[in-house]
Structure formats: C-alpha cells, structure tokens
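Note sheet for the following structure.
The values are calculated or read from the model by the stated rules, or taken from the named source; none is laboratory data. Note that this is a predicted model, so its numbers are computed, not measured. Note that each Cβ is placed from the backbone with ideal geometry, even for glycine, and that neighbours are counted across all protein chains shown. Just so you know, the surface numbers come from the protein's heavy atoms only, side chains and all, with ligands and any DNA or RNA stripped out. Shrake-Rupley method; radii C 1.70, N 1.55, O 1.52, S 1.80 Å.
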Amino acid sequence: MTTEDDFLVFGQPVLHEEEINEVLDTLRSGWIGTGPKVTRFEDDFAAYKEAPHAVAVSSCTAALHLSLISADIGPGDEVITTPLTFCATANAILHAGATPVLADVDPKTMNIDPEGLKETITDRTAGILPVHFAGRPCKMNPIVDACQDHDLTLIEDCAHAIETQRNGEHAGTFGEYGCFSFYATKNVATAEGGMILTKTEEAAEDLRRLALHGMSRDAWKRYGTDGYKHYHVVEPGYKYNMTDIQAALGIHQLARVDDNWERREMVWGAYNDALKDTPLTLPPEPEPGTRHAYHLYTVLVDEDAAGITRDAFLTAMTEQGVGVGVHYVALPEHPYYQKNLGWEPEDFPHATRIGRQTVSLPLTPGMGDDDVGTVIDAVQEKLGS
Ligand SMILES: *Cc1c(COP(=O)(O)O)cnc(C)c1O
C-alpha cells in the first residue's frame, strides 16, 4: 500500500504558473464570463488545427449536441456511432432527439469499422459520428465517402484527438463539425470545456448563437464600452458558452500541447518496451502517415492468458498506488440503452470484449521516469514476465 501522497492519479493535468497567473489576471480584470480570452483561445485553437473557425463551448458533450442541432438532426433521424466510447457520444444524439445506431469497432484499431458502418446506413441515417479512440485517427476516407454518397453530416468526436492527424489532415476537419473536450483528464484541460471546429462562417455564427440562448448578439459585446446594444432571441438556444476563466487555462496549455505530446510519446514507448513480454495485449503501433495523440495507453487483460481477471488487475494496480481507467465498458452493457434502444452486448462482440478486458495505464506529461517505473513495476509484479 502507498500513502495518498504517492498515489499516481490517473489523468492528472499539469498546470504551470503561466495559466495560474492568467486565471488570476482574469479574476482581477473583473471580466470572468465569456470575453476576450475565449476569443483568443478560439483563434489559437483554430490556428493550431489549421481550421477556418473554432467556437468554444462548455464541454464536448455540448459541442456534440450543438453540432447535431446545427446540422438539423433531430427526431426521426439516425446517427451512426461506435459502441466503444464515453456515454456522452450517444447521449448527445439522444439529447438532439435522434436515435443513435451502433456499428462495431475494428478489433485491432478499436475505431469504428467502416465496412460495418456502411451496412448500418438506412433511409433514416442523417449523420455519422466517429470517435478517434485513444487518439488514433479513424480510417477517414471510407467514412467521408459514405457521407458524400448518402448525403450525411459528418461530426467527429475528437475528445481524445487534439493532436491527431491522418495524411497531414487534422482530426476534426474531415467533416462539417469537429468536437473537442478540455475536461480535466484530457490532453488540454480547462476543468470543463469544449471546442467545435467548423468550415463556414454561417455554421460558426449558428453555433455561437445556439450556445448562448439563441440570442443574436454576444452578451459580452452587449456590456462593452461601445454603447448598449439590445439582443434579440431568434430561437430557444442553450447555455453552453465557455468562460474566460476556462480559456485562461486553455491558452497556455495549448501552447505546450506538442511538448506534452512528446513526453507522452516517450512514456508510451517505455511502456511498450517494458511490457512486451507480459501476457497483456498492448496497443497497436500508430499507422504510417498518421499522428496518434497518445491520449490513452490501453492494455487488454485476457483472463486465460494473464491468469487474472481485468477487475482483479484494476484492484491490484490501485493497491500499488497506480490510478487506472477503463475506456470503456461498451455502451450496450448499460441498462438504459438496453432497455430503451434494445442494444445487446453480443451484437457488438469486438467492443464488448475490449470493454471487458481493457485497462488504461497513466499517460500524462507530468509523469517522471520514476512514475513510469512505478507503473511498470506494478504491472510486472502482478503478471510476472
Ligand atoms: C471526455 C469525452 C467526451 C465528453 O467530453 P466532456 O467535455 O466531458 O463533455 C465525449 N466523448 C469522448 C470520447 C470523451 O472521451
């Protein structure tokens, strides 16, 4: 056992003095809501992703929801997504009033299988919502082709994929909308926060209006120095705006995003070297021509090979002071979806098996070599090699 002080917290963000001072600057400025720092974060993010427009919102869940609403996807529509994702992906589709439809993952890449995806397209399909799982880019060509052939909206869930690229193209720029998360454990963390990349000025305006009550003008401009301006509610929008406090954190973390990526790549490599002789299945190497975001390092614990159940392995890691995660118990295992959508785990065998075997080891840039050693020792002690 370890004391609480040396527990390696899973997904712990690394906060530097720069963002701490930026938050203080925001607090001292008296402008803590949506303001100039949000605009700066949007501009910086769009520049990093080489995308024409970025709209900051309160979470990736909000980003997905707004993208669906903006695409006019709602009741009667189906949206195809993956069973191996966080519940927010499917919930956002439900929030929009549409029906999520699952296509199983490729067992190796753990991303939605484009062939199976094509078979789930029906007359009611309105969109495809792939997730770049763990930061590994989905095979986008067949997905983009399917969207073009069937006139479907492409919304990418890029919660793991800030740094992800395929053939030099950035994740989140393949379709109409790319949705990002700055939740506390993500590669850029603002406690809570999200961003939507989109191609046209109209779509960006649409998203900004929807994110702030459907009002025709930003509230922060309303209270600006150039005179009072009335707002007009043109539709019942949502309350999904980001604040300058969050953006203050995001601006500086985004500036370090590639340094952090390099550190995680080193940790990833150290795990690969040290764990290759264990009975664990390690994550597949990034494909040529792609950039993996290294958001999650997921190993599979096959009980027969490892002589230990996944859940016993999780407990053993925690007992040795190593915080671990599970990404994800497949969506069809959850009672709500079983009851209301009729999903059954057996219908999605790859996602179900992965969900029952998977363990995410800590992978954060703040980990020192000693922390990496602690994780490796803990795994080896439990599994031998
Ligand atoms: C974290 C996450 C989300 C939700 O992000 P929030 O910003 O917490 O709303 C959605 N999809 C995936 C794949 C995620 O990992």
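How high is the FRET efficiency between R353 and S29 when r is their beta carbon distance and R₀ equals 35 Å, given to the nearest 0.05?
0.10
If I fit a long axis through the Cα atoms of helix 257-275 and take the longest principal axis of the Cα atoms of the chain, what angle between them do I get, 0 to 90°, rounded to 10?
Result, in degrees: 20.
When the Karplus curve 6.51 cos²θ - 1.76 cosθ + 1.60 is applied with θ = phi - 60°, which whole-Hz ³J(HN,Hα) does each residue of the stretch 74-88 get, with x for Gly and Pro?
Here the 3J(HN,Hα) series is x, x, x, 9, 10, 10, 8, 9, 9, x, 9, 7, 6, 4, 4 Hz.
Grab the stretch 17-255 and count how many Lys pairs have their alpha-carbon atoms under 16 Å apart, sequence gap of 8 or more, or different chains.
Here the count comes out as 5.
Residue-wise, which Karplus ³J(HN,Hα) couplings in Hz belong to the stretch 31-39, taking 6.51 cos²θ - 1.76 cosθ + 1.60, θ = phi - 60°, and x for glycine or proline?
10, 9, x, 6, x, x, 6, 5, 4
DSSP beta bridges in the chain, what fraction antiparallel, as a percent rounded to 5?
Here the share of antiparallel DSSP bridges comes out near 60 percent.
For K382, which aspartates and glutamates qualify as cross-link partners when the Cα separation must be under 15 Å and same-chain residues fewer than eight apart are set aside?
D277, D302, E303, D304, D311, E319
With each run of n ≥ 4 DSSP H residues scored as -39500 (n - 2.57), what mean residue ellipticity at 222 nm is computed for the chain after dividing by its residue count and rounding to the nearest 500 deg cm²/dmol?
-12000 deg cm²/dmol
Given a Förster radius of 56 Å and the C-beta distance between H232 and H150 as r, what FRET efficiency does 1/(1 + (r/R0)^6) yield to the nearest 0.05?
0.95
Quick one: which residues, 5 or more positions from T125 or on another chain, have an amide H under 5 Å from its amide H? H modelled 1.01 Å from N in the peptide plane, none for Pro or chain starts.
The list, which skips near neighbours in sequence, is E78.
Would you mind computing, in nm to one decimal, how far apart the modelled labels at D43 and D304 are, each placed 7 Å from Cα along Cα→Cβ?
5.9 nm
Give me the angle, in degrees from 0 to 90, between the Cα long axis of helix 369-383 and the longest principal axis of the Cα atoms of the chain, rounded to the nearest 10.
Result, in degrees: 50.
Which distance in Å, rounded to a whole number, links the C-alpha centroids of the stretch 228-305 and the stretch 85-157?
19 Å
Pairs of Cα atoms under 8 Å, at least six residues apart: use those to get the relative contact order of the chain, whole percent.
22 percent
Could you check how much of the accessible area of the chain is carbon and sulfur, as a whole percent, using a 1.4 Å probe?
The nonpolar share, carbon plus sulfur, comes to 49 percent.
Between T85 and residues 5 or more places away or on another chain, which pairs have amide H atoms under 5 Å apart, with H built 1.01 Å from N, and which residues are they?
Long-range HN contacts for T85: L331.
Could you size up the charge dipole of the chain around its Cα centre, putting +1 on the beta carbon of Lys and Arg and -1 on that of Asp and Glu, and report it in debye to the nearest 20?
1000 debye
What ³J(HN,Hα) values, in whole Hz, does the Karplus curve 6.51 cos²θ - 1.76 cosθ + 1.60 give for the stretch 103-114 when θ = phi - 60°, with x put for Gly and Pro?
Listing the rounded values in order: 10, 5, 8, 6, x, 8, 7, 6, 9, 3, 7, x Hz.
For S67, S58, S216, what's the largest-to-smallest order of accessible area, 1.4 Å probe?
S216, S58, S67
Where does helix 201-211 land angle-wise versus the long Cα axis of the chain, in degrees 0 to 90, nearest 10?
In the chain, helix 201-211 runs at an angle near 80 degrees to the longest axis.
Please find the FRET efficiency linking D72 to V9, where r is the Cβ-Cβ separation and R0 is fixed at 45 Å, and quote it to the nearest 0.05.
E between D72 and V9, to the nearest 0.05, is 0.60.
Which of rounded, prolate or oblate describes the chain when judged by the alpha-carbon gyration tensor and an a/c cut-off of 1.5?
oblate
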